[in-house]
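The values are calculated or read from the model by the stated rules, or taken from the named source; none is laboratory data. None of these values were measured; they are calculated from a predicted model. Every residue, glycine among them, receives a Cβ derived from its backbone with ideal geometry; neighbour counts consider all protein chains shown.
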């Protein structure tokens, strides 16, 4: 590994135990009763449980109600533009794979405008955790149909009802090669915390889709709707190492909807396979071509 | 000034670019100045492609006009390029492949019928070997010593020595000896002088400059004519420790680069106009979150998909206006490989110093042409300061602190106690949103304006620290050319031609096309006896920018938008016209 010859621009942090992630002075601006409160609680709880110092965590989000989440936790955050959560998060991971990187966003952000990035981040198995607050509606823009809105659902943009089949994020994640695929419900923060913590610990791309009801604009997929239907995969004897079983469970919808861990497998991450990163986080590597005059010989 | 222009043409897939580059490299190794153009079409096989190598004992800044030697692999090459061959020139061809009647040669031009197929058949039945005898014959006529040619040919096969390499070397030698027996070296061929020069494309210079400037991350999506930035970086990735990511699209490419920069490494992307159009929203995010990022925009002839393999400077308006709202940016516009190297270094310095996106305006002509550079012009010892400029101060850290320069202390994820959120929404000094519950409330209305002022006033510092406009040539002149980017090269050649006619001209060009020091630019233009604006686009986009910034209208202009680079003579012709008319 030849690498560059200059000196590192940023030294690695060493030292005693440091504060873990907690709340900031910023209060969530979500509607009272919003499902997203459960998600931020689960993310905070998972980070606390894993005792990851707050300065080593970056939460990346896009645009939508859910994407305000980074402001409410005391980690580093990047609140970017609509649909680009994952490429920003990937760039951060590759600059510094010593960091714990978590992407957060909504169903419109992740499965609509950002769908292209979603499948590619999963196939390359970047080691980050992506939590989507899936409320099956566009909330911040006041109630338009989303990629996961139910067939026939009436919204501002579909007054006669949605005529497109909803996208299945779990099946899409399985098809795209995600190595940790889970679904949670913000009405069950305890299980959701387990799923997010499991995702953060997982070595590879972890996807946690969360039923996170919009109490203002989605009168169909409410807390009650899910409470009446969800059942836990871990209580149903599901084997999360069985891809075929995961596929079958992902197709279940209707009176019984599974939540929990669908699938988990081990595969080298993008960072494992990118040889340049074998020398340590990029941010701590030497930079420049000082003293590398031999490189000019190829131009002779 | 001894100068020769060699053209080699055939169909895509004939290997024209390879033998063309060999000729260019041979000249470069002779210590000559070279400008090589690779003219191809958006096809992989067939069509018509050609390579032009111009070599001289003086600096050359463009492909020149016409040619002195033509190696035609097919009849179409002869038909297209014969009219441009200067008297005294020679056409190398093989009558076994196609015939040229005596009266078809331009006046003063002769043919050299080289039995390329016959020579090639001695070695193999593979048709590609016919290039080698033609290359050999052309090299002789161009004054390239045999050992220089054979060494270049041998190097091009690298470690793949073996039958194919030996066949090529043998066939090239036979072609060379055939020409020596049946022809003579072109009288204007320059002779070897001085040590070998470096030969590189604009894109290679961008990549090299970026690496030297400490770039550690490149994310890019393939698009002509920007792709070879990624090719060079990918080929050297492990050696120089740069992560190269071919992204799923340009949206991802720039967002990855911004993410990596936020993570603490100097980062870049490169693209052409269509890809840059997709990057526009993220460019604004870099401006708003004050995250440095460098974007090489290698323009091609537009609009839309346009002419993917042809040149134009038609994206300046887009680069100037890219992004909703207003945020500071800089646009650099080098004109040749040496300047491209330096521009890449400057781009990273400016991006990081001012925490802004910096664009480098390139185009097909600069990005893909081969140019000689002296070793002394490539200084790899680029100072790269530490990024650890902020001491932890816990609760009081303000990532977006209002400062006189507009630049706020930057923290990186992983640094203890400096956590903040970079927001693409409008935010306060700490990065907290003022777009939701605060927007429209008087105190926050004031703050919004202060945050805008803070970001925008960085432009004053950028103007002061970026490379200013340069006046080249004699102070007393009949005419001042005004140009930017790759067009500057042909203007420099035109100025030399005019000087040879006793016409003194000079050139005002802009290593930084934005932001501009309006007073300085106005003063420079007002000193001119008369001006001629030269741009490769339809509407004179840079002239409009100058008018907007300075109030000065450059009435006389030469615009070109046929996809081809400017040749010196058309600039000379227009300049003479303006000078004669102007009184």
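Can you tell me how many residues within the stretch B:266-278 are in a strand (DSSP E or B) and within 14 Å of another protein chain (Cβ to nearest Cβ)?
4
Whether any residue in the stretch B:192-212 is more than 9 Å from chain A (Cβ to nearest Cβ), surrounded by 24 or more Cβ atoms within 10 Å (Cβ to Cβ), in contact with a strand residue (DSSP E or B) (Cβ under 6 Å, 6 or more places away or on another chain) and assigned to a loop (DSSP other than H, G, I, E, B) is what I want to check.
No, the conditions are met nowhere in the stretch B:192-212.
Name, by its number, the condition in (1) under 17 Å from the mean Cα position of the chain (by Cα); (2) closer than 23 Å to residue B:158 by Cα that does not hold for residue B:60.
Among (1) under 17 Å from the mean Cα position of the chain (by Cα); (2) closer than 23 Å to residue B:158 by Cα, the lone unmet condition for residue B:60 is (2).
Hey, among the residues in the stretch B:94-124 that are in contact with a strand residue (DSSP E or B) (Cβ under 7 Å, 6 or more places away or on another chain) and touching a residue at least 40 places away in the same chain (Cβ under 8 Å), which one's surrounded by the most Cβ atoms within 10 Å (Cβ to Cβ)?
Once the filter is applied, the top-ranked residue is B:114.
For the structure I just gave you, tell me whether residue A:280 is out of contact with any strand residue (DSSP E or B) (no Cβ under 7 Å at 6 or more places or on another chain), closer than 30 Å to residue B:239 by Cα and modelled with pLDDT of 95 or more.
Answer is yes for this residue.
Looking at the stretch B:238-265, which of its residues are in contact (Cβ under 8 Å) with a residue 40 or more places away in the chain, at the interface with chain A (Cβ under 7 Å from one of its Cβ atoms) and on the phi < 0 side of the Ramachandran plot?
B:257, B:260, B:262, B:263, B:265
Rundown of residues vs (1) closer than 21 Å to residue A:226 by Cβ; (2) modelled with pLDDT under 95; (3) crowded, with 24+ Cβ neighbours inside 10 Å, yes/no style:
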site	(1), (2), (3)
A:45	yes, no, no
A:84	no, no, yes
A:97	no, no, no
A:120	no, no, no
A:136	yes, no, yes
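So residue A:104 clears everything in (1) outside any helix (DSSP H, G or I); (2) facing chain B (nearest Cβ under 7 Å); (3) modelled with pLDDT of 95 or more except one condition, right? Which one?
With respect to (1) outside any helix (DSSP H, G or I); (2) facing chain B (nearest Cβ under 7 Å); (3) modelled with pLDDT of 95 or more, residue A:104 is out only on (2).
It is to be established whether one or more residues within the stretch B:68-89 are in a loop (DSSP other than H, G, I, E, B) and over 27 Å from residue B:495 (Cα atoms).
yes
Please enumerate the residues belonging to the stretch B:56-72 that are closer than 18 Å to residue B:183 by Cβ and touching a helix residue (DSSP H, G or I) at 6+ places or on another chain (Cβ under 7 Å).
B:67, B:69, B:70, B:71, B:72
Within the set of pairs 6 or more residues apart or between chains, which connect a residue that is at the interface with chain B (Cβ under 10 Å from one of its Cβ atoms) and closer than 19 Å to residue A:139 by Cβ inside the stretch A:108-120 to a residue that is at pLDDT 95 or above and assigned to a helix (DSSP H, G or I) with Cβ atoms less than 7 Å apart?
Once the first residue is at the interface with chain B (Cβ under 10 Å from one of its Cβ atoms) and closer than 19 Å to residue A:139 by Cβ and sits in the stretch A:108-120, its partners that are at pLDDT 95 or above and assigned to a helix (DSSP H, G or I) give A:114/A:85; A:114/A:86.
All but one of (1) part of a loop (DSSP other than H, G, I, E, B); (2) out of contact with any strand residue (DSSP E or B) (no Cβ under 7 Å at 6 or more places or on another chain) hold for residue B:449; state the number of the condition that does not hold.
(1)
For the stretch B:23-32, name all the residues that are touching a helix residue (DSSP H, G or I) at 6+ places or on another chain (Cβ under 8 Å), assigned to a helix (DSSP H, G or I) and within 13 Å of chain A (Cβ to nearest Cβ).
Correct list: B:25, B:26, B:29.
Can you work out which of the residues in the stretch B:409-429 that are within 22 Å of residue A:99 (Cβ to Cβ) and surrounded by fewer than 19 Cβ atoms within 10 Å (Cβ to Cβ) is nearest to the other protein chains (Cβ to nearest Cβ)?
The selected residue is B:416.
Residue check, residue B:235 against (1) within 21 Å of residue A:101 (Cα to Cα); (2) without any contact (Cβ under 8 Å) to a residue 40 or more places away in the chain; (3) part of a helix (DSSP H, G or I); (4) within 21 Å of the chain's Cα centre (by Cα), all met but one. Which one?
Of the numbered conditions (1) within 21 Å of residue A:101 (Cα to Cα); (2) without any contact (Cβ under 8 Å) to a residue 40 or more places away in the chain; (3) part of a helix (DSSP H, G or I); (4) within 21 Å of the chain's Cα centre (by Cα), the odd one out for residue B:235 is (1).
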